[in-house]
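Structure first, then comments.
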Amino acid sequence: MSCTHVTLSTGQMIPSVGLGTWKSIPAQVKQAILAALDSGYRHIDCAAAYGNEENVGEALRERVGPGKSLKREELFLTSKLWNTQHHPDDVEAACRRSLTHLGVSYLDLYLMHWPMAFERGSVMMPSNADGSIRYADTHYIDTWKAMEMLVDQGLVKAIGMSNFNARQTDLILSIARHKPAVNQVECHPFLTQQQLLTHCRDRGVAVVAYSPLGSPNRPWASPGEPALMEDLRIIDIARRYGKTAAQIIIRWHVQRGIICIPKSVTPARIQQNLQVFDFQLTDEDMKLIESFNRNERFIPPTVEKGGKKYRDGLHPHFPFHDPY
(Lines give C-alpha, C1' and ligand atoms only; values in the text may rest on other atoms or scores of the structure.)
Protein backbone atom coordinates (compact mmCIF):
# COMPACT_ATOMS: atom_id res chain seq x y z
CA MET A 1 0.00 0.00 0.00
CA SER A 2 1.32 3.42 -0.91
CA CYS A 3 -1.79 5.53 -0.34
CA THR A 4 -1.54 8.65 1.77
CA HIS A 5 -4.89 7.97 3.48
CA VAL A 6 -6.81 5.07 4.99
CA THR A 7 -10.61 4.91 4.71
CA LEU A 8 -12.28 4.20 8.03
CA SER A 9 -15.50 2.20 8.44
CA THR A 10 -17.29 5.53 8.92
CA GLY A 11 -16.21 6.63 5.43
CA GLN A 12 -13.78 9.19 6.85
CA MET A 13 -10.37 9.51 5.25
CA ILE A 14 -7.58 9.55 7.85
CA PRO A 15 -4.05 10.49 6.75
CA SER A 16 -1.70 7.51 6.99
CA VAL A 17 0.92 9.57 8.80
CA GLY A 18 0.08 12.01 11.58
CA LEU A 19 1.99 13.90 14.23
CA GLY A 20 1.97 12.35 17.69
CA THR A 21 2.06 14.71 20.66
CA TRP A 22 2.76 12.30 23.54
CA LYS A 23 5.86 13.38 25.52
CA SER A 24 5.88 16.75 23.71
CA ILE A 25 6.29 19.24 26.53
CA PRO A 26 3.94 22.25 26.46
CA ALA A 27 6.80 24.66 25.71
CA GLN A 28 7.66 22.76 22.52
CA VAL A 29 4.42 21.33 21.18
CA LYS A 30 3.03 24.56 19.71
CA GLN A 31 6.02 25.01 17.41
CA ALA A 32 5.93 21.31 16.53
CA ILE A 33 2.29 21.60 15.45
CA LEU A 34 3.02 24.71 13.39
CA ALA A 35 5.98 22.99 11.71
CA ALA A 36 3.85 19.94 10.98
CA LEU A 37 0.95 21.87 9.48
CA ASP A 38 3.35 23.94 7.39
CA SER A 39 5.03 20.71 6.18
CA GLY A 40 1.74 19.25 4.99
CA TYR A 41 0.54 17.20 7.98
CA ARG A 42 -3.25 17.04 8.21
CA HIS A 43 -3.53 14.52 11.08
CA ILE A 44 -2.73 15.47 14.67
CA ASP A 45 -3.03 12.95 17.51
CA CYS A 46 -3.72 14.36 20.97
CA ALA A 47 -4.91 13.23 24.39
CA ALA A 48 -6.07 14.90 27.56
CA ALA A 49 -3.49 12.90 29.52
CA TYR A 50 -0.61 14.44 27.57
CA GLY A 51 -1.19 17.73 29.38
CA ASN A 52 -0.53 19.85 26.30
CA GLU A 53 -3.87 20.20 24.48
CA GLU A 54 -4.13 23.91 25.31
CA ASN A 55 -0.76 24.44 23.60
CA VAL A 56 -1.89 22.40 20.59
CA GLY A 57 -4.96 24.64 20.50
CA GLU A 58 -2.77 27.75 20.39
CA ALA A 59 -1.09 26.43 17.24
CA LEU A 60 -4.38 25.43 15.63
CA ARG A 61 -5.78 28.92 16.15
CA GLU A 62 -2.86 30.34 14.17
CA ARG A 63 -3.39 28.07 11.17
CA VAL A 64 -6.96 26.72 11.14
CA GLY A 65 -10.26 28.50 10.65
CA PRO A 66 -11.85 31.40 8.73
CA GLY A 67 -9.21 33.58 7.14
CA LYS A 68 -6.41 31.15 8.03
CA SER A 69 -4.37 28.86 5.77
CA LEU A 70 -6.42 25.73 6.60
CA LYS A 71 -10.10 24.97 6.94
CA ARG A 72 -11.15 22.89 9.93
CA GLU A 73 -12.49 20.16 7.64
CA GLU A 74 -9.03 19.72 6.10
CA LEU A 75 -7.63 18.56 9.46
CA PHE A 76 -8.10 15.16 11.14
CA LEU A 77 -7.95 15.69 14.88
CA THR A 78 -7.92 12.90 17.49
CA SER A 79 -8.13 13.09 21.27
CA LYS A 80 -8.56 10.52 24.03
CA LEU A 81 -10.62 9.96 27.16
CA TRP A 82 -8.40 9.39 30.20
CA ASN A 83 -8.89 6.54 32.70
CA THR A 84 -10.19 8.74 35.52
CA GLN A 85 -13.09 9.91 33.35
CA HIS A 86 -14.59 6.50 32.50
CA HIS A 87 -17.73 6.91 34.59
CA PRO A 88 -20.60 7.59 32.14
CA ASP A 89 -21.41 10.83 33.96
CA ASP A 90 -17.88 12.15 33.29
CA VAL A 91 -17.46 11.33 29.59
CA GLU A 92 -19.18 14.31 27.96
CA ALA A 93 -17.50 16.84 30.27
CA ALA A 94 -14.10 15.31 29.52
CA CYS A 95 -14.70 15.52 25.79
CA ARG A 96 -15.90 19.11 26.00
CA ARG A 97 -12.80 19.99 28.01
CA SER A 98 -10.58 18.69 25.21
CA LEU A 99 -12.65 20.59 22.63
CA THR A 100 -12.23 23.79 24.63
CA HIS A 101 -8.49 23.30 25.04
CA LEU A 102 -8.05 22.53 21.34
CA GLY A 103 -10.33 25.39 20.32
CA VAL A 104 -12.52 23.32 18.00
CA SER A 105 -16.22 22.46 17.90
CA TYR A 106 -15.78 18.76 17.11
CA LEU A 107 -13.23 15.96 17.01
CA ASP A 108 -12.76 13.67 14.04
CA LEU A 109 -11.97 10.78 16.38
CA TYR A 110 -12.26 10.25 20.14
CA LEU A 111 -10.61 7.21 21.70
CA MET A 112 -10.92 5.45 25.03
CA HIS A 113 -7.26 5.74 26.03
CA TRP A 114 -7.22 2.44 27.97
CA PRO A 115 -9.88 -0.14 28.87
CA MET A 116 -9.00 0.36 32.56
CA ALA A 117 -10.93 2.76 34.80
CA PHE A 118 -9.07 4.62 37.54
CA GLU A 119 -10.67 6.33 40.53
CA ARG A 120 -12.81 9.30 39.45
CA GLY A 121 -11.45 12.77 39.98
CA SER A 122 -9.00 15.37 38.74
CA VAL A 123 -5.83 13.49 39.77
CA MET A 124 -4.52 11.77 36.63
CA MET A 125 -2.78 8.92 38.49
CA PRO A 126 -4.69 8.48 41.77
CA SER A 127 -2.48 6.38 43.98
CA ASN A 128 -2.29 4.71 47.34
CA ALA A 129 0.43 5.38 49.91
CA ASP A 130 2.46 2.48 48.54
CA GLY A 131 2.41 3.92 45.01
CA SER A 132 -0.15 1.52 43.55
CA ILE A 133 -2.95 2.98 41.41
CA ARG A 134 -6.46 3.39 42.80
CA TYR A 135 -8.85 1.69 40.42
CA ALA A 136 -12.58 2.07 39.76
CA ASP A 137 -15.02 -0.65 38.81
CA THR A 138 -16.60 1.09 35.80
CA HIS A 139 -16.69 -1.37 32.88
CA TYR A 140 -15.44 -0.13 29.53
CA ILE A 141 -18.75 -1.19 27.95
CA ASP A 142 -20.55 1.44 30.03
CA THR A 143 -17.91 4.00 29.09
CA TRP A 144 -18.35 3.09 25.42
CA LYS A 145 -22.11 3.65 25.56
CA ALA A 146 -21.51 7.12 26.99
CA MET A 147 -19.01 7.82 24.20
CA GLU A 148 -21.65 6.85 21.62
CA MET A 149 -23.74 9.77 22.87
CA LEU A 150 -20.92 12.11 21.80
CA VAL A 151 -21.42 10.93 18.21
CA ASP A 152 -25.18 11.49 18.51
CA GLN A 153 -24.56 15.05 19.71
CA GLY A 154 -22.10 15.84 16.91
CA LEU A 155 -19.23 16.46 19.34
CA VAL A 156 -17.18 13.73 17.64
CA LYS A 157 -17.44 12.19 14.18
CA ALA A 158 -16.14 8.76 15.21
CA ILE A 159 -15.09 6.87 18.32
CA GLY A 160 -12.51 4.18 18.84
CA MET A 161 -10.29 2.34 21.27
CA SER A 162 -6.69 2.44 22.35
CA ASN A 163 -4.75 -0.40 23.97
CA PHE A 164 -7.60 -2.90 23.62
CA ASN A 165 -6.81 -6.56 23.01
CA ALA A 166 -8.68 -8.78 20.54
CA ARG A 167 -11.14 -10.11 23.12
CA GLN A 168 -11.97 -6.63 24.38
CA THR A 169 -12.34 -5.40 20.81
CA ASP A 170 -14.86 -8.14 20.07
CA LEU A 171 -16.83 -7.34 23.21
CA ILE A 172 -17.15 -3.71 22.16
CA LEU A 173 -18.16 -4.76 18.65
CA SER A 174 -20.85 -7.06 20.07
CA ILE A 175 -22.64 -4.20 21.88
CA ALA A 176 -21.73 -1.16 19.80
CA ARG A 177 -24.36 1.07 18.30
CA HIS A 178 -21.54 3.16 16.80
CA LYS A 179 -18.81 0.72 15.77
CA PRO A 180 -15.22 1.49 16.78
CA ALA A 181 -13.37 3.04 13.85
CA VAL A 182 -9.85 2.31 15.09
CA ASN A 183 -7.77 0.56 17.72
CA GLN A 184 -4.63 2.54 18.53
CA VAL A 185 -1.88 0.31 19.91
CA GLU A 186 1.86 0.18 20.36
CA CYS A 187 3.33 -1.15 17.13
CA HIS A 188 6.83 -1.19 15.63
CA PRO A 189 9.21 -3.76 14.12
CA PHE A 190 10.01 -5.16 17.60
CA LEU A 191 6.25 -5.53 18.24
CA THR A 192 4.64 -6.17 14.85
CA GLN A 193 1.14 -6.94 16.23
CA GLN A 194 0.37 -9.11 13.20
CA GLN A 195 -2.30 -11.20 14.96
CA LEU A 196 -4.09 -8.17 16.36
CA LEU A 197 -3.75 -6.35 13.04
CA THR A 198 -5.38 -9.26 11.18
CA HIS A 199 -8.07 -9.57 13.86
CA CYS A 200 -9.00 -5.89 13.66
CA ARG A 201 -8.78 -5.70 9.88
CA ASP A 202 -11.13 -8.68 9.50
CA ARG A 203 -13.67 -6.73 11.57
CA GLY A 204 -13.33 -3.43 9.76
CA VAL A 205 -11.37 -1.76 12.56
CA ALA A 206 -8.34 0.22 11.39
CA VAL A 207 -5.10 0.04 13.39
CA VAL A 208 -3.16 3.14 14.41
CA ALA A 209 0.42 2.61 15.62
CA TYR A 210 1.66 4.69 18.51
CA SER A 211 5.37 4.68 19.33
CA PRO A 212 5.87 3.54 15.71
CA LEU A 213 9.61 4.18 15.95
CA GLY A 214 10.02 2.19 19.18
CA SER A 215 9.73 5.21 21.51
CA PRO A 216 13.48 5.92 21.48
CA ASN A 217 13.18 8.73 24.06
CA ARG A 218 11.02 6.90 26.60
CA PRO A 219 12.27 8.10 29.99
CA TRP A 220 12.14 4.67 31.64
CA ALA A 221 14.41 2.89 29.13
CA SER A 222 17.02 0.74 30.85
CA PRO A 223 20.68 0.67 29.78
CA GLY A 224 21.24 -2.05 27.21
CA GLU A 225 17.62 -2.22 26.05
CA PRO A 226 17.36 -2.61 22.26
CA ALA A 227 17.07 0.66 20.35
CA LEU A 228 15.14 0.18 17.13
CA MET A 229 16.44 3.33 15.46
CA GLU A 230 20.02 2.23 16.12
CA ASP A 231 19.51 -1.32 14.85
CA LEU A 232 22.22 -1.96 12.26
CA ARG A 233 19.78 -3.87 10.04
CA ILE A 234 17.47 -0.85 9.83
CA ILE A 235 20.43 1.44 9.23
CA ASP A 236 21.63 -0.82 6.40
CA ILE A 237 18.19 -0.78 4.73
CA ALA A 238 18.02 3.00 5.10
CA ARG A 239 21.43 3.35 3.47
CA ARG A 240 20.31 1.26 0.49
CA TYR A 241 17.25 3.45 -0.09
CA GLY A 242 18.95 6.74 0.67
CA LYS A 243 16.47 7.38 3.49
CA THR A 244 16.58 7.84 7.26
CA ALA A 245 15.96 4.94 9.62
CA ALA A 246 12.73 6.65 10.70
CA GLN A 247 11.53 6.96 7.10
CA ILE A 248 12.13 3.25 6.51
CA ILE A 249 10.12 2.27 9.59
CA ILE A 250 7.28 4.66 8.80
CA ARG A 251 7.17 3.39 5.23
CA TRP A 252 6.96 -0.19 6.58
CA HIS A 253 3.90 0.78 8.62
CA VAL A 254 2.26 2.52 5.66
CA GLN A 255 2.76 -0.47 3.37
CA ARG A 256 1.12 -2.70 5.99
CA GLY A 257 -1.94 -0.44 5.87
CA ILE A 258 -1.29 0.86 9.36
CA ILE A 259 -1.79 4.51 10.28
CA CYS A 260 1.14 5.81 12.32
CA ILE A 261 1.76 8.88 14.45
CA PRO A 262 5.49 9.46 14.96
CA LYS A 263 6.29 12.14 17.53
CA SER A 264 8.94 14.79 17.05
CA VAL A 265 9.45 18.41 18.02
CA THR A 266 12.34 18.93 15.59
CA PRO A 267 11.12 20.68 12.40
CA ALA A 268 13.56 18.87 10.10
CA ARG A 269 12.56 15.45 11.44
CA ILE A 270 8.88 16.35 11.37
CA GLN A 271 9.24 17.15 7.68
CA GLN A 272 11.31 14.02 6.95
CA ASN A 273 8.79 11.75 8.66
CA LEU A 274 6.13 12.75 6.14
CA GLN A 275 8.41 12.17 3.14
CA VAL A 276 7.65 8.46 2.81
CA PHE A 277 5.37 8.38 -0.23
CA ASP A 278 8.04 8.70 -2.91
CA PHE A 279 9.47 5.18 -2.55
CA GLN A 280 8.37 1.63 -1.85
CA LEU A 281 10.02 -1.15 0.13
CA THR A 282 10.45 -4.46 -1.66
CA ASP A 283 8.56 -7.53 -0.45
CA GLU A 284 11.89 -8.92 0.73
CA ASP A 285 12.63 -5.86 2.86
CA MET A 286 9.08 -5.83 4.24
CA LYS A 287 9.54 -9.45 5.37
CA LEU A 288 13.01 -8.74 6.69
CA ILE A 289 11.74 -5.91 8.91
CA GLU A 290 8.83 -8.03 10.06
CA SER A 291 11.33 -10.71 11.14
CA PHE A 292 12.69 -8.28 13.77
CA ASN A 293 9.59 -9.00 15.88
CA ARG A 294 10.39 -9.83 19.52
CA ASN A 295 6.87 -9.30 20.91
CA GLU A 296 8.52 -6.68 23.08
CA ARG A 297 6.46 -3.87 24.60
CA PHE A 298 8.06 -0.62 25.62
CA ILE A 299 4.74 0.83 26.88
CA PRO A 300 3.51 0.98 29.60
CA PRO A 301 6.53 1.33 31.84
CA THR A 302 7.18 -0.72 34.93
CA VAL A 303 7.67 1.63 37.85
CA GLU A 304 9.77 0.54 40.80
CA LYS A 305 9.16 2.13 44.19
CA GLY A 306 10.40 0.97 47.57
CA GLY A 307 11.74 -2.25 46.08
CA LYS A 308 8.32 -3.15 44.64
CA LYS A 309 7.23 -3.00 41.04
CA TYR A 310 3.82 -1.60 40.12
CA ARG A 311 1.89 -1.29 36.94
CA ASP A 312 -1.71 -1.82 35.93
CA GLY A 313 -1.40 -5.58 35.63
CA LEU A 314 -3.62 -6.02 38.67
CA HIS A 315 -6.52 -4.21 37.00
CA PRO A 316 -9.27 -6.63 35.92
CA HIS A 317 -9.31 -5.08 32.44
CA PHE A 318 -5.55 -4.89 31.93
CA PRO A 319 -5.26 -5.76 28.22
CA PHE A 320 -1.83 -7.34 27.92
CA HIS A 321 -2.39 -10.58 29.76
CA ASP A 322 -4.01 -11.96 26.59
CA PRO A 323 -1.66 -13.15 23.82
CA TYR A 324 -2.96 -10.37 21.53
Full-extension gain in nm, Met286 to Thr266, via 0.36 nm per residue minus C-alpha separation
4.5 nm
Residue-ordered couplings for the stretch 198-215, obtained by feeding phi - 60° into the Karplus form 6.51 cos²θ - 1.76 cosθ + 1.60 and rounding to whole Hz (Gly and Pro as x), are 4, 4, 5, 4, 4, 9, x, 9, 6, 10, 10, 9, 9, 6, x, 9, x, 6
Provide the per-residue ³J(HN,Hα) series for the stretch 30-41, in order, calculated from phi with Karplus coefficients 6.51, -1.76, 1.60 and θ = phi - 60°, each as a whole number of Hz, with x at glycine and proline positions.
4, 5, 5, 5, 4, 4, 5, 4, 6, 8, x, 5
Using 7 Å Cα-to-Cβ label points, what is the Asp152/Asp89 separation (nm, one decimal)?
1.9 nm
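Run through the DSSP bridge list for the chain and note the antiparallel percent, rounded to the nearest 5.
Restricted to the chain, the bridges split so that about 25 percent are antiparallel.
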Share of accessible surface on carbon and sulfur in the chain, whole %, 1.4 Å probe and ligands ignored, is 50 percent
Note, the stretch 43-50: 3J(HN,Hα) by Karplus (6.51, -1.76, 1.60, θ = phi - 60°), whole Hz, Gly/Pro = x, goes 9, 10, 9, 10, 6, 4, 5, 6
What is the gain in length, in nm to one decimal, between Cys3 and Ala27 on full extension, counting 0.36 nm per residue of separation less the C-alpha to C-alpha distance?
5.3 nm
Please state the shape class of the stretch 77-191: rounded when a/c is under 1.5, otherwise prolate if a/b exceeds b/c and oblate if not, all from the C-alpha gyration tensor.
rounded
For the stretch 155-266, just run the numbers: alpha carbon Rg, then divide by 2.2 N^0.38 Å, N being how many residues it has.
1.20
With all protein chains modelled, accessible area of Met124 [1.4 Å, Å²]
80 Å²
Which FRET efficiency value, to the nearest 0.05, is calculated for Ser132 and Phe320 with the Förster distance at 25 angstrom and r the Cβ-Cβ distance?
0.90
Exceeding the 27 Å Cα-Cα cut-off - candidates Lys71/Lys243; Lys30/Lys80; Lys157/Lys287; Lys80/Lys179; Lys71/Lys145; Lys68/Lys179
Lys71/Lys243; Lys157/Lys287; Lys71/Lys145; Lys68/Lys179
What is the gain in length, in nm to one decimal, between Asp278 and Asp236 on full extension, counting 0.36 nm per residue of separation less the C-alpha to C-alpha distance?
13.2 nm
With DNA, RNA and ligands ignored, accessible area of Trp82 (1.4 Å probe; Å², nearest 10)
30 Å²
Using mean Cβ contacts within 10 Å as the protection proxy, how do 269-282, 62-75 order, highest first?
269-282, 62-75
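The values are calculated or read from the model by the stated rules, or taken from the named source; none is laboratory data. Note that the structure is a prediction, hence the values are computed from the model and not measured. Reconstructed Cβ throughout: ideal geometry from the backbone, glycine too, with neighbour counts over all protein chains shown. All accessible areas refer to the heavy atoms of the entire protein, side chains included, with ligands and DNA or RNA removed. Shrake-Rupley method; radii C 1.70, N 1.55, O 1.52, S 1.80 Å.
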